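Q: Let me begin by handing over the structure; questions about it come next.
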Amino acid sequence: MGTKDRGPRPRADPDAQLLSDLRAAFRWLSDRTDDRYAAEPTGWWADASILRRLGPALAEPSRGSVISHVVGPESRGGLLGALVALELDVGLVELRKDPEPSTDSDRWLTARTPPDYQDRNLRLGLRRDLLPSGSRVLFVDDWIDTGGQAVAARKIVESAGATWCGASVIVDALTDARLRRHLAVNSIFRERDL
Ligand SMILES: O=P(O)(O)OC[C@H]1O[C@H](OP(=O)(O)OP(=O)(O)O)[C@H](O)[C@@H]1O
């Protein structure tokens, strides 16, 4: 059979390609003296071709939903949140760690996390005037581990009178399926697939 008879070359599956590129650019860090492993995902945004695909991939599950704001926790949630907000054509509201009001009239909504992946009870907060009641929020982050930060984020969103529409993350390391459902988590992949 000649080459003409073979038909078009099958196109590479873009999702499979993104997964494989994310895996290739990721490292676990560890010391010989310590059995702890730390995720090192910064190669993902150091690579222009991965960076370009992250916003569309994280926005994809929300394409059919009405989203008015993206909320991203400091620091990587802010970085990725901006990419997703651009894709969905909405604004990004920063979720800060230990926010300090600049003036008395600078109102923040805050909540403390249950112990997170580093056993921290972080105080997270966002500026009240940036998230009007009735907003429809998509939470964006690189990684969800215990879900502690996302749980606190949901409390804050709801205390603003806004609706939590879900969480979009690159890696889902949750061990609690009920929490995954409660937070409506979509991920590019599970930690076990790294
Ligand atoms: O599910 P959890 O147990 O709450 O943990 C997940 C969070 O922890 C990491 O952020 P970190 O606070 O390390 O800050 P970073 O974004 O600056 O890395 C990660 O980016 C998530 O925000």
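Q: Just give me the residues in segment 164-182 being open to solvent by 10 Å² or more (accessible area, probe 1.4 Å), of a type in the set (Gly, Ala, Ser) and touching a residue at least 24 places away in the same chain (Cβ under 8 Å), in sequence order. Even if it seems obvious, please write down each step before you answer.
A: If we filter segment 164-182 for residues that are open to solvent by 10 Å² or more (accessible area, probe 1.4 Å), which is where we start, we get 164-165, 173-182.
Pick out the ones that are also of a type in the set (Gly, Ala, Ser) and you get 173, 177.
Result: 173, single match.
Q: Looking for something closer than 25 Å to residue 68 by Cβ and surrounded by fewer than 14 Cβ atoms within 10 Å (Cβ to Cβ) - is there at least one such residue anywhere in segment 140-154?
A: no
Q: Of everything in segment 22-45, what is open to solvent by 60 Å² or more (accessible area, probe 1.4 Å), within 24 Å of residue 167 (Cβ to Cβ) and modelled with pLDDT of 95 or more? Give them in sequence order.
A: Within segment 22-45, just 23 meets the criteria.
Q: Just the residues that are of a type in the set (D, E, K, R) and either in contact with an Asp or Glu (Cβ under 8 Å, 6 or more places away or on another chain) or outside any helix (DSSP H, G or I) (or both), please, taken from segment 12-22. Give the steps one after another, and end with the answer.
A: First, the residues of segment 12-22 that are of a type in the set (D, E, K, R): 13, 15, 21.
Listed by number, the residues that qualify are 13, 21.
Q: Filter the strands (runs of 3 or more DSSP E) completely within segment 33-149 down to those with at least 1 residues that are touching a His at 6+ places or on another chain (Cβ under 7 Å). Please lay out each step first, then the result.
A: On the way: elements: 38-40, 69-73, 91-97, 108-112, 123-127, 136-144.
Where strands (runs of 3 or more DSSP E) fall fully within segment 33-149 and carry at least 1 residues being touching a His at 6+ places or on another chain (Cβ under 7 Å), they are 91-97, 136-144.
Q: With the requirement that a residue be without any contact (Cβ under 8 Å) to a residue 60 or more places away in the chain, within 16 Å of the ligand (Cβ to nearest atom) and within 19 Å of residue 162 (Cβ to Cβ), what does segment 83-111 give you? Talk me through it step by step, then tell me what you get.
A: In the first step, residues of segment 83-111 are kept if they are without any contact (Cβ under 8 Å) to a residue 60 or more places away in the chain; the result is 83, 85-94, 96-111.
With within 16 Å of the ligand (Cβ to nearest atom) added as a condition, the list becomes 83, 92-94, 96-99, 110-111.
Within segment 83-111, 92, 93, 94, 96, 99, 110, 111 qualify.
Q: Among the numbered conditions (1) closer than 14 Å to residue 58 by Cβ; (2) in contact with a Ser or Thr (Cβ under 9 Å, 6 or more places away or on another chain); (3) of a type outside the set (Gly, Ala, Ser), tell me where residue 86 comes up short.
A: Condition not satisfied by residue 86: (2).
Q: Looking at 131, 122, which one is within 20 Å of residue 164 (Cβ to Cβ), touching a residue at least 40 places away in the same chain (Cβ under 8 Å) and crowded, with 17+ Cβ neighbours inside 10 Å?
A: On the way: 122 fails: touching a residue at least 40 places away in the same chain (Cβ under 8 Å).
Unique residue meeting the criteria: 131.
The values are calculated or read from the model by the stated rules, or taken from the named source; none is laboratory data. Since the structure is predicted, the reported quantities are computational estimates derived from the model, not experimental observations. As a convention, Cβ positions derive from the backbone with ideal geometry for all residues, glycine included, and neighbour counts pool all protein chains shown. Keep in mind that these areas ignore ligands, DNA and RNA; they rest on the heavy atoms of the full protein, side chains included. Shrake-Rupley method; radii C 1.70, N 1.55, O 1.52, S 1.80 Å.
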